[in-house]
Amino acid sequence: MEDLIKDWGYIALFAYSFGGGFVGLVVAGVLSYAGDLNIYISILVAGVSNFLGDQFLFTLARKNKMYAKDMMKKYGRKVALAHLMMRRYGSFVVFFQKYIYGIKTLIPLAMGITKYSSKKFVFFNILATALWAVIVGYASYTAGSYILNSSEDFKYIGLGIVVVVFLILSLIFRRV
């Protein structure tokens, strides 16, 4: 299993981080603590992929507004929240969206539909992605000892708790 992680871990992290990447980077941080991956490479891979994913969504919305609007129709409340956050926080919403489940993909789409400056989005997206990758990567690396020790103590019970917490959080954020 360790060989599989070492051979394919960064590729999987890149693919996962293109569409979000929070959980992927946390797992990579813990695996880096365990010695299976390198934390610096993990942060770089997740950051680059996350940046490219947001740029892709922004550009998609900018070049094909009707398609982006059709994509966002089923997320009416979340799109409304995204627009409220854009009005309230301006460019800094790019920083917040990295951490809020459910609107991570909607903010770049919503900004791409508007007349928001492409250059400004690139600038803030670079800063936000670098900050996100460093914070999440190092926090998970630092917590790696605790997470690995907890997993040894609880084994299957811990896994069950993580799954239940994840499902509860998913249901809570789905309603937002």
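The values are calculated or read from the model by the stated rules, or taken from the named source; none is laboratory data. Quantities reported herein were computed from a predicted structural model and do not represent experimental measurements. Note that each Cβ is placed from the backbone with ideal geometry, even for glycine, and that neighbours are counted across all protein chains shown. Protein only, heavy atoms only, side chains kept; ligands, DNA and RNA dropped before computing areas. Shrake-Rupley method; radii C 1.70, N 1.55, O 1.52, S 1.80 Å.
Measure nothing fancy, just the Cα-based angle from helix 76-89's long axis to the longest principal axis of the chain, in degrees from 0 to 90, nearest 10.
Computed tilt is about 80 degrees.
Taking a temperature of 25 °C and a viscosity of 0.890 mPa s, what whole-number D in µm²/s does Stokes-Einstein yield for the chain with Rh from Kirkwood over alpha carbon pairs?
Translational D for this selection: 143 µm²/s.
What does a probe at Leu60 reach in segment 8-29, counting residues whose amide N is under 13 Å from the point 7 Å along Cα→Cβ?
18-20
Which value in deg cm²/dmol, rounded to the nearest 500, describes the helix-derived mean residue ellipticity at 222 nm for the chain, given -39,500 (n - 2.57) per DSSP H run of n ≥ 4 and division by the residue count? Numbers along the way, then the final one.
On the way: 10 runs with 144 residues, N = 176.
Taken over the chain, the calculation gives -26500 deg cm²/dmol.
Which pairs, out of Lys6/Lys74; Lys6/Lys63; Lys98/Lys119, put more than 30 Å between their alpha-carbon atoms?
Cα-Cα > 30 Å for Lys6/Lys74; Lys6/Lys63; rest within.
By how many degrees, between 0 and 90 and to the nearest 10, does the Cα long axis of helix 156-174 differ from the longest principal axis of the chain?
10 degrees
What whole-number value in Å² describes the accessible area per residue of segment 9-84 for a 1.4 Å probe?
Spelled out: the 1.4 Å probe surface of segment 9-84, per residue, equals 53 Å².
Note the angle between two axes, namely the Cα long axis of helix 39-63 and the longest principal axis of the Cα atoms of the chain, as a number of degrees from 0 to 90, rounded to the nearest 10.
20 degrees
Given a 1.4 angstrom probe, I'd like the percentage of the accessible area of the chain that is carbon and sulfur, rounded to a whole number.
70 percent
From the alpha carbon gyration tensor of segment 87-135, can you work out the equivalent ellipsoid semi-axes (sqrt of 5 times each eigenvalue) and give them in Å, largest to smallest?
17, 13, 9
Count charges around Tyr16 for me, please; just the other residues with Cβ under 15 Å from its Cβ, Lys/Arg as +1, Asp/Glu as -1.
+1
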